[in-house]
1. Could you list, in sequence order, all residues of the stretch 109-136 that are in contact with a strand residue (DSSP E or B) (Cβ under 6 Å, 6 or more places away or on another chain), modelled with pLDDT of 85 or more and assigned to a loop (DSSP other than H, G, I, E, B)?
2. Please go through (1) over 30 Å from residue 179 (Cα atoms); (2) crowded, with 17+ Cβ neighbours inside 10 Å for residue 87 and return the number of the only condition it doesn't satisfy.
3. Can you work out which of the residues in the stretch 23-41 that are assigned to a loop (DSSP other than H, G, I, E, B) and aliphatic (A, V, I, L, M) is modelled with the lowest pLDDT?
4. Within the stretch 42-66, which residues are out of contact with any helix residue (DSSP H, G or I) (no Cβ under 8 Å at 6 or more places or on another chain), in contact (Cβ under 8 Å) with a residue 12 or more places away in the chain and in a loop (DSSP other than H, G, I, E, B)?
5. Taking the stretch 90-110 as the search range and keeping residues that are within 22 Å of residue 179 (Cβ to Cβ) and of a type in the set (Val, Ile, Thr), which one is surrounded by the most Cβ atoms within 10 Å (Cβ to Cβ)?
6. So, in the stretch 182-200, of the ones that are among the small types (Gly, Ala, Ser) and loosely packed, with under 12 Cβ neighbours inside 10 Å, which residue ends up modelled with the lowest pLDDT?
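The values are calculated or read from the model by the stated rules, or taken from the named source; none is laboratory data. Note that the coordinates shown come from a computational prediction; the quantities given were computed from them, not determined experimentally. Positions of Cβ are backbone-derived with ideal geometry, glycine not excepted, and every protein chain shown enters the neighbour counts.
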Amino acid sequence: MKIERILKVVDTRQYEEGPDDKWYPIVGSGHEHACARCGRMHEIHAMVLLDDGNEAVVGTGCASKENTEMAARFLRAENLAKRLARLNAVEAAFTLKMARWEKAWAEVEALPVPAVEVEQKPPVVGRSVDLVTWFRVGAEGYARVRESDLAVPAYKAERVACAVDGWRRARMKERGVDEWAPRATMNFKRDRARIMKAMASITEQASTAAPAHLGA
């Protein structure tokens with residue numbers, strides 16, 4: 001039967017991050033399905049509408065032999081399916097990392113903060129005539145400020161907060177979590193919408209080319 005339209009293409013494989021920070025499919029991790037044409041098993045499924053009104057699941061490579069028009073569509077649809085599967089894996093990894101960070105940060109914020117210690121040091125010769133004041137919190141948290149700037153209450157509060165933050169970041173490292181909140185390297189919602197829009201432009205098209213075996 002001739003393929004009339006591509007209904008959906010899905011990459012069922014799982015993806016993992018490689019040592020080069022790129023994401024790769026895990027062979028054998030997907031849900032295999034037999035191609036209705038060649039009988040071979042595929043992890044990337046293409047649901048198609050046939051000219052007799054029935055639907056079938058086919059492999060993209062096998063189905064692309066229908067005609068040159070369909071071959072181009074299947075190639076684009078397969079690439080989009082791969083991009084979507086990879087995007088889903090990256091988002092899932094980011095969500096898990098963010099959840100771990102938030103849990104660790106909540107624990108750290110609940111810890112009693114050591115008392116702030118203040119230490120004054122003489123100015124560095126040739127650099128400043130001001131005394132230098134250090135605010136220390138535990139062994140890891142510290143921040144310094146010039147004596148003349150201490151006259152500004154907001155600035156003093158900011159320096160103390162900086163010292164406390166340093167102490168808390170050290171507690172995050174103790175929990176094996178990056179002290180800084182994770183940041184997404186992509187806009188998942190926007191990128192997914194773009195992929196789905198591009199896929200829709202393919203699945204909404206009906207075949208207009210004649211089967212390859214009928215010629216031009």
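1. Listed by number, the list holds a single entry, 114.
2. Result: residue 87 passes all but (1).
3. 36
4. Correct list: 43, 51, 52, 54.
5. That would be 108.
6. 200
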